[in-house]
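The values are calculated or read from the model by the stated rules, or taken from the named source; none is laboratory data. Being a predicted model, the structure only gives us computed values, none of them experimental. Neighbour counts are summed over all protein chains in view; Cβ atoms, including those assigned to glycine, are modelled from backbone coordinates with ideal geometry.
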Amino acid sequence: RKEVEQDPGPFNVPEGATVAFNCTYSNSASQSFFWYRQDCRKEPKLLMSVYSSGNEDGRFTAQLNRASQYISLLIRDSKLSDSATYLCVVRAGGTSYGKLTFGQGTILTVHP
Amino acid sequence: DAMVIQNPRYQVTQFGKPVTLSCSQTLNHNVMYWYQQKSSQAPKLLFHYYDKDFNNEADTPDNFQSRRPNTSFCFLDIRSPGLGDAAMYLCATSSLLRMNDSPLHFGNGTRLTVT
């Protein structure tokens, strides 16, 4: 089983749609969780950290479920500019401090 | 005002010819990482430095080496590049002084081509 798994998609949605991505992780000692966005041939950029109580940033909402070991990202009112690959990133705990592992990414295309 | 700078942006090398990629940071972060990303794949961690403490991933080939002479600089050396080493190489930093919520800050990457 991969350490961090995502549905690769692609997700094709119209402008204004709501779309949700899930990400599962295998290490129950994982400490920190993030969503990154990556545009084609560019470096990943931090979209948001994921906190235990869930958190929201504008149209984006992130949730963490430690019991089931998954995190989610919800995008409301999708814009054309949201088209990108969304990467789930998990920081290991225990003796592997500092190691951040990426999921394979979920491709989102928002069309007019 | 880039905070993690990678040079060069594009590097072409010949099969078997050693190449060095460089990364510098102005964030004073104590952890620096090197990731390899191939087309349509997730970034794969090669190694990271926690201060001067070097941590190699078990599946990183011996062909890849790294140096961190000081806090600000980190180098990736590929001793004998093969065609399969063509990829985007991403340098990143984070601060483990705020461990629980310190994300990665990436440079803009070096795209390596092997001919």
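Worth a mention:
- Selection of strands (runs of 3 or more DSSP E) fully inside the stretch B:10-100 by the criterion of at least 2 residues being within 14 Å of chain A (Cβ to nearest Cβ) returns B:19-25, B:31-37, B:44-50, B:53-56, B:87-94.
- Residue tally, condition modelled with pLDDT under 95 and farther than 29 Å from B:Met32 by Cβ, over the stretch A:69-106: 1
- For the stretch A:33-46, a tally of residues being surrounded by 21 or more Cβ atoms within 10 Å (Cβ to Cβ), assigned to a strand (DSSP E or B) and not aromatic (Phe, Trp, Tyr) returns 1.
- For the stretch A:36-59, residues that are facing chain B (nearest Cβ under 8 Å), under 21 Å from A:Arg91 (Cβ atoms) and free of Cβ contacts under 8 Å to residues at least 12 places away in the same chain total 2.
- Scanning the stretch A:17-29 for any residue that is within 20 Å of B:Leu90 (Cα to Cα) and either in a strand (DSSP E or B) or among the β-branched types (Val, Ile, Thr) (or both) turns up nothing.
- All positions within the stretch A:1-32 that are charged (D, E, K, R) and surrounded by 15 or more Cβ atoms within 10 Å (Cβ to Cβ): A:Glu3, A:Glu5, A:Asp7
- Residue check, B:Gly82 surrounded by fewer than 15 Cβ atoms within 10 Å (Cβ to Cβ), at pLDDT 95 or above, farther than 14 Å from A:Lys99 by Cα and not β-branched (Val, Ile, Thr): yes
- Breaking point among (1) in contact (Cβ under 8 Å) with a residue 60 or more places away in the chain; (2) within 13 Å of the chain's Cα centre (by Cα); (3) within 21 Å of B:Leu104 (Cβ to Cβ), for A:Val19: (3)
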